[in-house]
Amino acid sequence: MLARSSAEIDAAGLLLERAAHRADTEQGALAVAENRRDVAFVVDLLVTAVERLFRSGGAQAHDAAGELQRCWRDVHTAAAHGALRLEAAAHEYAETVLGR
């Protein structure tokens with residue numbers, strides 16, 4: 001579980017680096033839609049990874065002062081933001097790519 005979750009977290013970091021590079025070097029609706037898609041997907045990856053780690057932590061993971069509890073709470077709080085919803089980003093991306 002740790003290996004898979006850490007690989008997903010690393011992949012998320014790579015996607016964010018690519019999105020930052022795109023934001024610095026590209027313009028236009030497609031670049032914006034790709035970045036929104038990638039960032040929303042990153043949030044989805046992080047929720048999955050942290051959720052897996054949290055479940056594997058057992059009862060001690062629920063300690064309010066624990067690091068894992070804080071990460072779980074932070075990731076879920078960020079994921080609740082409307083701008084980071086994968087469905088909305090996917091819709092915008094499809095409209096941009098398909099020209100609708």
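The values are calculated or read from the model by the stated rules, or taken from the named source; none is laboratory data. Just so we're clear, the structure is a prediction, and the values are computed from it rather than from any experiment. Quick reminder, even Gly has a Cβ in these numbers, built from the backbone with ideal geometry, and neighbours come from all protein chains shown. Ligands, DNA and RNA are excluded from the accessible area calculation, which covers all protein heavy atoms including side chains. Shrake-Rupley method; radii C 1.70, N 1.55, O 1.52, S 1.80 Å.
Laid out as a table, the results:
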read-out: Any pair with Cβ under 7 angstrom, 6 or more apart, that starts in region 68-87 at a residue that is part of a helix (DSSP H, G or I) and at pLDDT below 90 and ends at one that is open to solvent by 60 Å² or more (accessible area, probe 1.4 Å) and not hydroxyl-bearing (Ser, Thr, Tyr); value: 69/62; 69/63
read-out: Qualifying residue in region 10-28 (condition: in contact with a Ser or Thr (Cβ under 8 Å, 6 or more places away or on another chain), crowded, with 16+ Cβ neighbours inside 10 Å and in a helix (DSSP H, G or I)); value: no
read-out: Residue identified as assigned to a helix (DSSP H, G or I), open to solvent by less than 50 Å² (accessible area, probe 1.4 Å) and out of contact with any strand residue (DSSP E or B) (no Cβ under 6 Å at 6 or more places or on another chain) among 47, 32, 97; value: 47
read-out: Residue 60 vs. criteria at pLDDT below 95, of a type in the set (S, T, N, Q), over 13 Å from the mean Cα position of the chain (by Cα) and open to solvent by less than 50 Å² (accessible area, probe 1.4 Å); value: no
read-out: Sole residue being of a type outside the set (Asp, Glu) and touching a residue at least 40 places away in the same chain (Cβ under 8 Å), chosen from 48, 25; value: 48
